[in-house]
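Read through the structure below, which is laid out as structure tokens, and then see the notes.
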Amino acid sequence: MTAPTTTKVALSPQEKQVLEGLAAGDSTADIARRLEIRHSTVGDFLKTARIKLHGACDSVAAVAAGFATGAIGRPPLLDPEAVFVSREQRELVPLIARGLSAEQVAAELKPPRPVADVRADARELLSSLGARNRCHLVTRAWQYRLLTEDRVSAWLG
């Protein structure tokens, strides 16, 4: 069975700039300064983008949906052999990309794992991928092909 095909989503130029900033690992405060707008305006653009991106639950899921739907440009691919990611860490990637908390991730895993272990693996995953935060982790996971359009399409509404 193949995953559903995602429909291209059109974001406004400002929504796209905000999402691209998040994908690059920038904070909303950094994005506000760069775009010379208020922090609350960044939040408004992000909220609208999340709605357009199949109701993404948070900014992490919005970045993943943005890549999958073509709403933002996909980052250049890197050699997946250039990074070591354990099986336990690989299992976390699609769950983090959905915007799940550490507690939710721990409960979703089969068999469920202790939250402390999930948090430790997530920290190591961030470090292994050279990611600054969870949104940037999605970008780096995409670059190393740990996250793909098919994986994201499977949970997009």
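The values are calculated or read from the model by the stated rules, or taken from the named source; none is laboratory data. Keep in mind the model is a prediction, meaning the values are calculated, not measured. Cβ placement follows ideal geometry from the backbone for every residue including glycine, while neighbour counts extend to all protein chains displayed. Areas reflect the complete protein model, heavy atoms only, side chains present, ligands, DNA and RNA absent. Shrake-Rupley method; radii C 1.70, N 1.55, O 1.52, S 1.80 Å.
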Subject >> Every residue from segment 103-157 that is small (Gly, Ala, Ser) and in contact with a Pro (Cβ under 7 Å, 6 or more places away or on another chain) >> reply: Ala106, Ser153
Original post:
Does any residue in segment 24-51 that is under 27 Å from Lys8 (Cα atoms) and touching a residue at least 60 places away in the same chain (Cβ under 8 Å) come within less than 6 Å, Cβ to Cβ, of a residue that is assigned to a helix (DSSP H, G or I) and open to solvent by less than 40 Å² (accessible area, probe 1.4 Å) six or more places away or on a different chain, and which pairs are these?
Top reply: Gly25/His136
Original post:
Out of Ala71, Ala64, which single residue is in contact (Cβ under 8 Å) with a residue 12 or more places away in the chain, open to solvent by less than 20 Å² (accessible area, probe 1.4 Å) and not in a helix (DSSP H, G or I)?
Top reply: Ala71
**OP:** Filter segment 88-126 for residues that are more than 17 Å from the chain's Cα centre (by Cα), open to solvent by 40 Å² or more (accessible area, probe 1.4 Å) and not small (Gly, Ala, Ser) and give the result.
**Re:** Glu88, Glu103, Glu108, Lys110, Pro111, Pro112, Arg113, Pro114, Val115, Asp117
